[in-house]
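The structure under discussion appears below in the form of structure tokens.
Each reported figure results from applying straightforward, stated rules to the coordinates on display, with no laboratory input. The structure displayed is predicted, hence computed values, not measured ones. Here the Cβ positions follow ideal geometry from the backbone for every residue, glycine too, while neighbour counts run over all protein chains shown.
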Amino acid sequence: MSSPNKTLVSIIAGSSSDKEVYERAEKILKENKILYELKIISAHRDPEKLDTYLKNCDSLVYIAIAGLSAALPGVIASKTDKPVIGVPVSAKLGGLDALLSIVQMPPGVPVASVGIDRGENAAFLAIRILDLLKS
């Protein structure tokens, strides 16, 4: 499937203010010895940086953490055929705005979604996806 040192999961957060949520994902990935990297890239403020990162990234699964309009997971899914797991953040409206943004993707742009602020569940889902890719 991959070399022993290959980054398997990319965590992309739209803002460093999402730290509490992405740290939950990092904790689970570390505990399970999954190689990952963390990037802070906004789909709105840094679209070119996001495009460049996605073009050069060889991770197998993306975890995209975003609040408010939560465009990040959908933008990533529109630019890759790899699995994208969206994590809505409770920045406003209890996170419902972000949750609805993530789950309302158009046909052909699939994004899996976990519960609001559930970075750990995104990591667990990424691990399950990686396990399927091994078999």
- Item | Candidate aspartates and glutamates for bridging to Lys6, where Cα separation is under 14 Å - those fewer than 8 sequence places away on the same chain excluded | Glu37, Asp58
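Quick one: of Lys19/Lys39; Lys19/Lys134; Lys27/Lys55; Lys55/Lys82; Lys82/Lys134, which pairs are farther than 22 Å apart, Cα to Cα?
Lys19/Lys134; Lys27/Lys55
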- When a footprinting reagent is the concern and you count Cβ atoms within 10 Å, what order do Ile41, Ile63, Ile12 take, fewest first? Ile41, Ile12, Ile63
- Item | Cα→Cβ-extended label distance, 7 Å offset, between Lys27 and Lys92, nm | 2.9 nm
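Take the Cα radius of gyration of the stretch 2-131 and divide it by 2.2 N^0.38 Å, with N its residue count; two decimals is plenty.
On the way: Rg = 13.2 Å, N = 130, 2.2 N^0.38 = 14.0 Å.
Computed over Cα atoms of the stretch 2-131, the ratio equals 0.94.
Using the 10 angstrom Cβ neighbour count as an exposure proxy, how do Tyr53, Tyr62 rank, fewest first?
Details: Tyr53 17, Tyr62 26.
Least to most surrounded, the residues fall as Tyr53, Tyr62.
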- Test item: Cα-centred dipole of the chain, Lys/Arg +1 and Asp/Glu -1 on Cβ, debye: 200 debye
- Task: Straight distance only, please: which aspartates and glutamates reach the Cα of Lys92 with their own Cα at less than 15 Å, same-chain residues fewer than 8 apart left out?
- Result: Asp18, Asp117
- Query: In sequence order, what are the phi-derived ³J(HN,Hα) couplings for the stretch 34-45 according to the Karplus relation 6.51 cos²θ - 1.76 cosθ + 1.60 with θ = phi - 60°, rounded to whole Hz, with x for glycine and proline?
  - Reply: 9, 6, 9, 9, 10, 10, 9, 9, 8, 5, 8, 8
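Filter the DSSP H helices in the chain by two things, a Kyte-Doolittle mean of at least -1.0 and an axial alpha-carbon span of 20 angstrom or more, and list the hits by number. Working shown, then result.
Details: long enough: 119-134 (23 Å, 0.82).
What comes out of the filter, once short or polar helices are dropped, is 119-134.
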- Message: Report the Cα centroid-to-centroid distance between the stretch 44-67 and the stretch 89-118 in angstrom, as an integer.
- Response: 17 Å
